[in-house]
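Presented below is the structure to which this report refers.
The values are calculated or read from the model by the stated rules, or taken from the named source; none is laboratory data. As the structure is a computational prediction, the values presented were derived from the model and not from experiment. Heads up, the Cβs are rebuilt from the backbone with ideal geometry, glycines too, and the neighbour counts pull from every protein chain shown. Remember, those area values only see protein heavy atoms, side chains included, never the ligands or the DNA or RNA. Shrake-Rupley method; radii C 1.70, N 1.55, O 1.52, S 1.80 Å.
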Amino acid sequence: MNAAAKVPVAAKAYRNRFVNVDGIRTHYLEAGEGPLVVLLHSGEFGGCAELSWEYLIPTLAERYRVIAPDWLGFGLTAKIHDFEGKRARMIAHMARLLEVLAVARASFVGNSMGATFLMQIAAERHPGFGIDKLVAISGGGWMPENEARKRLTHYDGSPEGMVGILRSLFEGSVWHSDEDYVRRRHALSIAPGAWEAVAAARFRSPNAPERKEFGQADATNYEAIGVPTLLIAGAEDKLRLPGYAGEVAKRIAGSKVAVIPGCGHCANIERPDIVGDLLLDFLAGEAGQPVAA
């Protein structure tokens, strides 16, 4: 159903919002009413809230108030990169956005970078994030520096390079073979400052020791995560090793795992039908209630 999942979003069932956060233009999507759900997007070139969540927001907004921000340096948020601490600055900015929006507590859902950051935030008990429930889609675990990963990190800003990124993210060919979708993704990746903000993470002084973001040991203290947690994985994820989600789940008390057959790294895009049902069941259920894989 990969092709069936890629359908037009009815009348864009969300609103674009901008807010000033400590002098930084910050963009987020908003929809629905009810208990709060915050969606944290992935970090590939051109990644943003709309691309990550456009197929899921309409489903969630029927029951929840949904907020989907663009991370610092991504989407329509200001293209700023902190060379002294990228991750720390991005998380601090997100925490301040939640404070500005008066989001004291919410359920959080993340994909890829957003999911990995979210589990680290939960493990570190970051005071700026009041997490009631946590859903990680293709987040956490060891991240191999394989050929699929290199297509993401070595992106040259060309349409052909974007096709390579989409081949890495998705199992279905419908995504990288759709010229309109490739064109849309490519345009977002080369918007003013967009390529530079992501590529800056790979810059280093010739006097600095070599550092790698991928292929390194996963130091997250998963045992410290104390909120109900659901991990969703694509069975054909090219950017993770088979079974990684189950290994992470073993370290999070009471967590659940759902593995989606025939699906790649971004199940929220590739199989929003299945992910939507999983999210609604998990968010509505009591802590510890089983989730069907």
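Can you check what the net charge comes to around PRO261, using other residues whose Cβ is under 11 Å from the Cβ of PRO261 (Lys, Arg +1; Asp, Glu -1)? Present the calculation step by step, with values, prior to reporting the outcome.
On the way: positive: ARG271; negative: GLU171, GLU236.
Taking every Cβ under 11 Å from that of PRO261, the sum is -1.
Please list the radius of gyration and Dmax for segment 141-187, considering alpha-carbon atoms only, with Å as the unit.
10.9, 33
Using a Gaussian network model of the chain whose springs link C-alpha atoms within less than 10 Å, name the residue from ALA197, ALA258, ALA219 with the highest mean-square fluctuation.
ALA219
Give, in nm to one decimal, the length gained when the segment between GLU236 and ALA102 is fully stretched (0.36 nm per residue of separation minus the Cα-Cα distance).
Values: separation 134, 0.36 × 134 = 48.24 nm, distance 3.84 nm.
Gain on stretching GLU236 to ALA102: 44.4 nm.
Based on DSSP, what percent of beta bridges with both residues in the chain are antiparallel, to the nearest 5?
Working: 11 of 32 bridges.
Just about 35 percent of them are antiparallel.
Identify which of ARG151, ARG105, ARG204 has the largest mean-square fluctuation in a Gaussian network model of the chain, with springs joining Cα atoms closer than 10 Å.
Residue with maximal mean-square fluctuation among ARG151, ARG105, ARG204: ARG204.
Per residue, how large is the accessible surface of the chain? Use a 1.4 angstrom probe and give square angstrom. Before the final figure, lay out the partial values.
Values: 12670 Å² over 293 residues.
Heavy-atom SASA per residue in the chain reads 43 Å².
Using R₀ = 35 Å, calculate the FRET efficiency as 1/(1 + (r/R₀)^6) where r is the Cβ-Cβ separation of GLU223 and LEU280; round to 0.05.
Numbers: r = 28 Å, r/R0 = 0.81.
About 0.80, to the nearest 0.05.
For a quick check: with amide H placed at 1.01 Å from N, whose amide H comes under 5 Å from VAL21's, ignoring anything fewer than 5 positions away on the same chain?
For VAL21, the qualifying residues are THR26.
Need one number: the % of Cα-Cα pairs in segment 58-187 sitting beyond the 26 Å mark. Write out the running numbers ahead of the final one.
On the way: 2732 of 8385 pairs.
The proportion of pairs with Cα distances above 26 Å equals 33 percent.
Find the all-direction average of the projected area of the Cα convex hull for the chain, expressing the result in square nanometres with one decimal place.
Numbers: hull surface 56.8 nm².
For the Cα atoms of the chain, the hull's average projected area reads 14.2 nm².
Using the Karplus curve 6.51 cos²θ - 1.76 cosθ + 1.60 with θ = phi - 60°, what ³J(HN,Hα) values do you get for each residue of segment 130-136, in whole Hz, with x for Gly and Pro?
Karplus values, whole Hz, x for Gly and Pro: x, 9, 8, 9, 10, 10, 10.
Over all distinct alpha-carbon pairs, what is the Kirkwood Rh of segment 82-150 in angstrom? Write out the running numbers ahead of the final one.
Working: mean 1/r = 0.0769 Å⁻¹.
When all Cα pairs of segment 82-150 are included, the Kirkwood radius is 13.0 Å.
Would you mind working out the magnitude of the charge dipole of the chain relative to its Cα centre, with +1 at each Lys and Arg C-beta and -1 at each Asp and Glu C-beta, to the nearest 20 Debye? Walk me through the numbers before you get to the answer.
Values: 32 positive and 34 negative charges, 92 e Å.
Approximately 440 debye in magnitude.
If you place +1 on the Cβ of every Lys and Arg and -1 on the Cβ of every Asp and Glu, how big does the dipole about the Cα centre of segment 71-145 come out, in debye to the nearest 20? Present the calculation step by step, with values, prior to reporting the outcome.
Values: 8 positive and 6 negative charges, 26 e Å.
Using Cβ point charges on Lys, Arg, Asp and Glu, segment 71-145 gives about 120 debye.
Would you mind computing, in nm to one decimal, how far apart the modelled labels at ASN146 and ASN16 are, each placed 7 Å from Cα along Cα→Cβ?
Simple spin-label model gives 3.7 nm for this pair.
Tell me, which longest segment in the chain has none of the chymotrypsin sites (Phe, Trp or Tyr not before Pro) that fall in DSSP loops with at most 12 further Cβ atoms within 10 Å? Mind showing how you got there, number by number?
On the way: sites that count: PHE83, PHE203.
Counting at most 12 other Cβ atoms within 10 Å as exposed, the longest clean stretch of the chain is 84-202.
For the modelled label position 7 Å from the Cα of ALA187 along Cα-to-Cβ, which residues of segment 28-49 have backbone nitrogen atoms closer than 17 Å?
Residues 46-49 qualify, since their backbone N sits under 17 Å from the label point.
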